[in-house]
Structure formats: structure tokens, C-alpha cells
Amino acid sequence: MPELPLALWIALAGVLGLLVGSFLNVVILRLPARMAAAWRQEAWDVLELQADAVPLPPGIVREPSHCPHCKHPLSALDNIPLLGWLLLRGRCRYCRAEISIQYPLVELLSGVLSAVIVWKFGPSWAALAGLALTWTLIALSGIDFRTQLLPDQLTLPLLWLGLLLSLLPMFVTAPASILAAAIGYLSLWSVYWAFKLLTGKEGMGHGDFKLLAALGAWMGPVSLLPIILLSSLIGALVGGTLIALRRHERAIPMPFGPFLAAAGWVWFVAGADLLQGYMQLTGVR
Ligand SMILES: [Zn+2]
């Protein structure tokens with residue numbers, strides 16, 4: 001890596017994060033539609049019926065972005081992350097339809113979290129891996145919020161990458177990574193079945209098991225319990241606030257994925273510090 005001051009690397013990571021954030025917006029919107037189309041196609045094939053003539057939804061990379069309301073293609077200026085939305089004051093330049101706050105939020109989140117990763121790890125391969133983890137977790141959270149799905153197309157590559165990095169090893173050793181992936185999957189799988197047998201309801205989806213397995217592969221077995229505890233805490237805070245503000249019905253299931261992802265990211269960046277603080281607080285050495 002060339003010799004640049006850390007502050008410059010952090011700023012570069014922030015800008016890169018903003019740019020990747022606008023790509024993540026596209027992934028969050030288009031990947032579930034692509035998945036649904038593929039499932040419909042498979043269902044037709046299984047039933048040995050003629051496929052319906054519904055055109056495929058837009059590709060993730062190829063099609064240029066356009067206003068979802070009036071379909072007018074966006075100019076390069078409108079596409080500038082964060083700034084484009086701010087300059088347009090959240091409305092389409094052509095039809096004045098409101099542009100979802102999701103766009104600038106995801107871009108801002110991606111920019112800030114990317115900067116934090118480089119601040120934490122410095123300009124290094126670990127930071128590069130951390131950025132891949134961060135961006136995948138943002139895409140997963142956005143998709144889970146919108147559709148209550150955690151696509152295998154994202155959770156499984158994240159799991160594989162975590163396992164492969166442990167061969168170096170980068171963050172944890174290979175035995176720790178493999179063990180944590182298995183324990184992570186099985187722990188939520190057991191909770192799922194216990195909950196289902198006791199209440200007859202499904203408390204979470206299989207995507208949640210795979211996401212915790214992936215986080216385990218990146219961070220090892222020690223991280224699993226804190227991640228579960230942190231995610232429940234974040235979930236209770238966010239859920240409680242939403243119910244108090246009457247923005248969310250108690251009966252509608254809350255996606256668990258975004259809270260798992262948030263807890264996993266916090267532990268990835270600050271786990272060692274949190275653990276040390278906890279031990280000092282409780283007097284354990
Ligand atoms: Zn428009």
C-alpha cells in the first residue's frame with residue numbers, strides 16, 4: 001500500500017463507501033425481484049408446465065437506474081450518492097415523485113461504516129475483507145427489512161469467505177472458524193425448533209441460521225453469544241421504539257436479520273474492546 005496519512009485513507013474509504021452504497025441500493029431493490037422470478041421459473045419447470053411470458057425483472061448491473069415512478073432515466077448528477085438526493089430535496093427531477101429515504105440512508109450508512117472499518121484496521125487486507133463484510137451485511141439488512149428474506153446468494157458467499165480467510169488466518173484460525181459456523185447455525189436452528197414446537201409459530205427464518213453461521217466463520221465461537229445478546233438488545237430497543245411510536249404492529253413479525261447483522265458488525269469492529277471493558281467492569285482478569 002502507498003504511504004498516505006491514515007486520515008486520507010479513512011476519507012477515501014468514506015467516498016468509496018458512498019459509491020458502493022448506491023450500488024447496494026440497486027442490489028436491495030432488484031435482487032429479491034430476480035429471486036422471485038427464478039423461483040416462479042423453477043415452479044413452472046417442476047410442474048412441467050409452459051413458463052409464463054412475464055419478462056425478467058431488470059438485471060442488477062446492466063440496466064441503468066431510472067425513477068421508479070415515471071421511469072425517466074437518471075442523469076449522472078442525480079446519481080451522485082447522497083448529494084444527488086439532497087440537491088433534489090428527495091423528489092424526482094422529472095415527475096416530482098418522492099424518492100425513498102432508503103437511498104440516501106443506505107449510502108450514508110455505507111460511507112460511514114466503510115470509514116470506520118479503515119479507521120479501525122488501517123490500510124490493510126483486513127480492512128478490505130472488513131469492507132466486503134460490511135457491504136454484504138448492509139445489503140442483507142436492507143433486503144430483510146423490505147422482504148423478510150436473507151438471500152442465499154449473499155449469506156452463503158459470506159460464509160465461504162469467512163471460512164477461506166481463516167486459512168490465512170486473517171481474523172480467527174480455521175478450527176475456530178469452522179466450529180463457530182457449525183455452532184452458529186445449530187444454535188439458532190435449535191431455538192427455531194424449540195419455539196415452533198412450543199408455540200406452533202415460526203420465530204425466524206433459515207436465512208438467520210446461515211447469517212449467524214457466516215458471522216461465526218468470520219469471528220469465531222467466542223463471538224456467538226455476544227452477537228445473539230447484542231442483536232436481541234438492539235431488536236428489543238428498535239422494536240419497542242417502533243411499537244411505542246405506533247409505527248409497527250405487535251403481531252407483524254420483525255425481521256431478525258438486520259439486528260443480527262448490526263450486532264455482528266459491532267462485534268467485528270469493537271468486540272475485543274467491549275469484552276475488555278466488560279471484564280474490567282466486573283473485576284474479572
Ligand atoms: Zn420520476
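The values are calculated or read from the model by the stated rules, or taken from the named source; none is laboratory data. Nothing here was measured: the structure is a model prediction, and the numbers come from that model. Every residue, glycine among them, receives a Cβ derived from its backbone with ideal geometry; neighbour counts consider all protein chains shown. Surface areas here come from the heavy atoms of the whole protein model, side chains and all, with no ligands, DNA or RNA. Shrake-Rupley method; radii C 1.70, N 1.55, O 1.52, S 1.80 Å.
Ignoring any ligand, DNA or RNA, what whole percent of the accessible area of the chain comes from carbon and sulfur when the probe is 1.4 angstrom? Intermediate values should be presented prior to the final figure.
Numbers: 11500 of 16560 Å².
Carbon with sulfur: 69 percent of the solvent-accessible area.
The residue among V269, L109, L242 whose Cα reaches farthest toward the positive pole of the charge dipole of the chain, with charges on the beta-carbon of Lys, Arg, Asp and Glu, is L242.
In terms of Cα atoms, the Rg and Dmax of the chain work out to 20.6, 68 Å.
Report the net charge of residues surrounding D208, where surrounding means a beta-carbon distance below 11 angstrom and charges are Lys +1, Arg +1, Asp -1, Glu -1. Within the 11 Å Cβ shell, the charges total -1. Evaluate the Debye formula for region 81-138 with equal point scatterers sitting on the alpha carbons, no solvent, and hand back log10 of I(q)/I(0) at q = 0.19, 0.30 Å⁻¹, in q order, two decimals. Result of the Debye calculation: -0.69, -1.12. Between amide H atoms placed 1.01 Å from N, distances below 5 Å from H66 occur with L74, all of them 5 or more places distant or on a separate chain.
Pair-distance distribution of region 149-285: all C-alpha pairs, bin width 5 Å, starting at 0; shares per bin in whole percent are 2, 11, 17, 21, 19, 14, 10, 5, 2, 0. Across all Cα atoms of region 1-90, the radius of gyration (one decimal) and Dmax (whole number) stand at 19.0, 62 Å. Extending 7 Å from Cα along the Cβ direction at L156 and again at S124 yields two label points whose distance is 3.2 nm.
Which of the peptides 199-206, 25-32, 259-266, 150-157 is most tightly packed, and how do the rest follow, going by the mean number of other Cβ atoms within 10 Å of each residue? List each step's numbers first, then the result.
Details: 199-206: 13.5, 25-32: 20.4, 259-266: 24.0, 150-157: 18.0.
Result, highest mean first: 259-266, 25-32, 150-157, 199-206.
Under a 1.4 Å probe, what is the accessible area of region 97-201 per residue, stated in Å²?
Working: 5420 Å² over 105 residues.
For region 97-201, the per-residue accessible area is 52 Å².
For R91, nonlocal amide neighbours, meaning residues 5 or more places apart or on other chains whose placed amide H falls under 5 Å from its own, are I99.
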